[in-house]
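Visitor: Before we start, here is the structure in question, set down as structure tokens.
No value in this document is a laboratory result; all are computed from the given coordinates. What you are looking at is a predicted structure, and each value in this text was computed from that prediction instead of being measured. Cβ: placed from backbone, ideal geometry, glycine included. Neighbour counts: every protein chain shown.
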Amino acid sequence: MEHSFVLKRRVAFHETDMAGLAHFSNFFRWMEEAEHGFLDSIGLAPVVKDRATFWGWPRSKASCDYKEPLRFGDAFDCELVVKQIKMKSVVYRFRFTRSDDSAANRLIAKGEMTSVYAKFDVEKDTMFALDLSEELLSRIEEMPGAAVVGSA
């Protein structure tokens, strides 16, 4: 059985267009918000800074397949599951479902995002992918269903 992290939200007014529909770009923001919540839940910071160097999780790939719209005020869940752990990256799978009583668990959208563990040096203006450390791997693998495979 897969373990998941669930972000519970309502669509805010500023996240809608003139028709009152949630703008498609918000789904990517909500995926990042779920990822941030997941990382926090396992004791990892999404960004770590030390003087002019910092480490973080830039995206190398993101997609979202929309099934039905969300409107202002709609309650929804964004479920994150670790799909794959590679040497330098993590692939997340997302499912957006309604969480209000009338249509609970109905699929709204599904997405996928690959986050690469990277180091940035501001002074040298460089960025490069890093292998996931044993500590990072052990924390991410705490989520049942997560498996280390392949390379970045």
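Visitor: Give me the net charge for the shell around I108: Cβ to Cβ below 14 angstrom, other residues only, Lys and Arg +1, Asp and Glu -1.
Guide: Local charge sum for I108: +2.
Visitor: Sort M18, M31, M113 so that the residue with the fewest other Cβ atoms within 10 Å of its own Cβ comes first and the one with the most comes last.
Guide: M18, M113, M31
Visitor: Sort T126, T53 so the one with the fewest other Cβ atoms within 10 Å of its own Cβ comes first.
Guide: So the residues, fewest neighbours to most, are T126, T53.
Visitor: Within the chain, how many lysine pairs that are 8 or more places apart, or on different chains, have C-alpha atoms less than 28 Å apart?
Guide: Lysine pairs satisfying the spacing and distance rule in the chain number 27.
Visitor: Stretched out fully, how many nm does the piece from E112 to D17 gain, at 0.36 nm a residue minus the Cα gap?
Guide: Contour length minus Cα-Cα distance gives 31.8 nm.
Visitor: I would also like to ask the following. Ranked by Cβ crowding within 10 angstrom, fewest neighbours first, how are R93, R59, R29 ordered?
Guide: In increasing order of surrounding Cβ atoms, one gets R29, R59, R93.
Visitor: In nm, to one decimal, how far is the V6 label point from the L44 one, both placed 7 Å along Cα→Cβ?
Guide: For the pair V6/L44, the computed spacing is 2.3 nm.
Visitor: Among G20, F54, M31, which residue has its Cα positioned farthest towards the positive end of the charge dipole of the range 1-59, with +1 placed on the Cβ of Lys and Arg, -1 on the Cβ of Asp and Glu, and the dipole taken about the Cα centre?
Guide: In the range 1-59, that residue is F54.
Visitor: Let me ask another. If I compute Rg and Dmax of the Cα atoms in Å from the structure I just sent, which labelled value in [x] 32.0, 99; [y] 15.8, 51; [z] 16.7, 54 lines up?
Guide: The calculated read-out lines up with [z].
Visitor: Related question: For the chain, what does -39500 (n - 2.57) per DSSP helix run (n ≥ 4), summed and divided by total residues, give at 222 nm, in deg cm²/dmol to the nearest 500?
Guide: The per-residue figure over the chain is -5000 deg cm²/dmol.
Visitor: As I understand it, the value is the acute angle between the Cα axis of helix 25-41 and the longest principal axis of the Cα atoms of the chain; what does it come to in degrees, rounded to 10?
Guide: 60
Visitor: Would you please name the trypsin sites (Lys or Arg not before Pro) within the range 106-138 that are DSSP coil residues with at most 13 other C-beta atoms within 10 Å of their C-beta?
Guide: K124
Visitor: Could you work out how far apart the two model spin labels at M127 and Y66 are, taking each label as a point 7 Å from the Cα in the direction of the beta carbon, and quote it in nm?
Guide: For the pair M127/Y66, the computed spacing is 2.6 nm.
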